[in-house]
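Read the structure below first, then the notes.
Every read-out reported here was derived from the displayed coordinates using simple, explicitly stated rules and does not represent laboratory data. Just so it is clear, the model here is predicted, and its values are computed rather than measured. We place every Cβ from the backbone using ideal geometry, glycine too, and count neighbours over all the protein chains shown.
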């Protein structure tokens, strides 16, 4: 007998297709206040546990979750390195910074376009970080190269 918990939610008889359609049509909204709170919550150490809790919920046997984990971790490491003065930003940082804050704010947002508890619930979060990579690819690559140099130096 199938348990109630394993049945799809009403309207989610085909969750992959429905999730794809939601993701394609949805507007990933993040309020300005949530974006503005990224740095203060990073500074007072409230943001990291929230991000870590969501990262821990990812199923690392799924490629999308592995890629999302990698992207979120990279952005968090970069924000922390900038905040502590270890990594110097590029000239166009003021244009790029809001995009990083937005992606993190969306990731920790409780009510997003596709609820996280659905089978495909993290596809919208992943799409947010893919879009971030398209906008800031050069900066993220620069940061990864900087991290690699620091690792080699020990």
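Ordered by the count of other Cβ atoms within 10 Å of each Cβ, fewest first, 149, 35 give 149, 35.
Considering only the Cα atoms of the range 30-153, their convex hull presents on average a projected area of 7.9 nm².
List the residues of the range 102-129 whose backbone N lies under 20 Å from a point placed 7 Å from the Cα of residue 142 along the Cα-to-Cβ direction. Output list for this probe position: 102-104. Footprinting exposure proxy ranking of 141, 134, fewest other C-beta atoms within 10 angstrom first, gives 134, 141.
Using C-alpha pairs below 8 Å separated by at least 6 residues, the relative contact order for the range 42-154 is 27 percent.
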